Amino acid sequence: MKVTPTTIPDVLIIEPKVFGDARGFFYESFNQKAFNEATELDVNFVQDNHSRSAKGVLRGLHYQVQQPQGKLVRVVRGAVFDVAVDIRKGSPTFGKWEGIELTEDNHKQLWVPPGFAHGFVVLSDSADFLYKTTEYYAPAHDRCIAWNDPEIGIDWPLTIEPSLSAKDQQGIGLRDAETYSPCEPA
């Protein structure tokens with residue numbers, strides 16, 4: 001597995017070794033020991049999630065203000081533009097974002113650490129998006145930052161108006177959002 005830091009060093013691009021030929025391909029999508037060794041993180045995952053979305057669906061920017069979730073995300077069908085936003089007060093990259101295209105063909109994964117808001121937009125006709133989390137979903141602590149907050153300035157590759165859930169339509173600006181204090185574990 002190849003691990004590449006992004007412009008936000010805590011956000012990592014993970015590329016598994018893919019074995020392919022004319023018949024198809026095989027790769028180990030996750031191995032706890034290999035992940036921890038390659039990333040130098042001591043991470044344990046507690047929940048796997050799977051979402052399917054149509055073209056133009058934008059989900060995010062989501063996070064949990066308590067029980068912050070680290071996420072290992074990937075696409076097994078279609079393509080998405082995936083985004084992580086640092087919302088850790090005092091971080092040198094607070095308010096900065098990192099984005100990457102995840103596709104069924106490039107097999108890339110993105111490590112979104114705890115303390116980050118996360119979102120994606122579907123670029124293909126539909127996409128199946130899988131992610132592992134380091135904490136359980138806690139609806140009472142679920143929060144949403146506006147996907148189009150000008151202070152963050154995400155350059156979404158949109159060719160159509162995004163389709164948003166009611167929750168995502170109510171997202172607020174980073175300036176007004178609950179974020180993580182430097183003394184809080186994230």
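Overview of values
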{"item": "The one condition in (1) at positive phi; (2) modelled with pLDDT of 95 or more that Thr7 fails to fulfil", "result": "(1)"}
{"item": "Residues (at negative phi, surrounded by 19 or more Cβ atoms within 10 Å (Cβ to Cβ) and part of a loop (DSSP other than H, G, I, E, B)) located in the stretch 53-110", "result": "Pro68, Gln69, Gly70, Ile87, Lys108"}
{"item": "Selection count where residues are surrounded by fewer than 19 Cβ atoms within 10 Å (Cβ to Cβ) and closer than 14 Å to His118 by Cα, scope the stretch 138-152", "result": "3"}
{"item": "The stretch 25-42, subset of a type in the set (A, V, I, L, M) and assigned to a helix (DSSP H, G or I), residue nearest to Val76 (Cα to Cα)", "result": "Ala34"}
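The values are calculated or read from the model by the stated rules, or taken from the named source; none is laboratory data. All values derive from a computational prediction rather than experimental measurement. We place every Cβ from the backbone using ideal geometry, glycine too, and count neighbours over all the protein chains shown.
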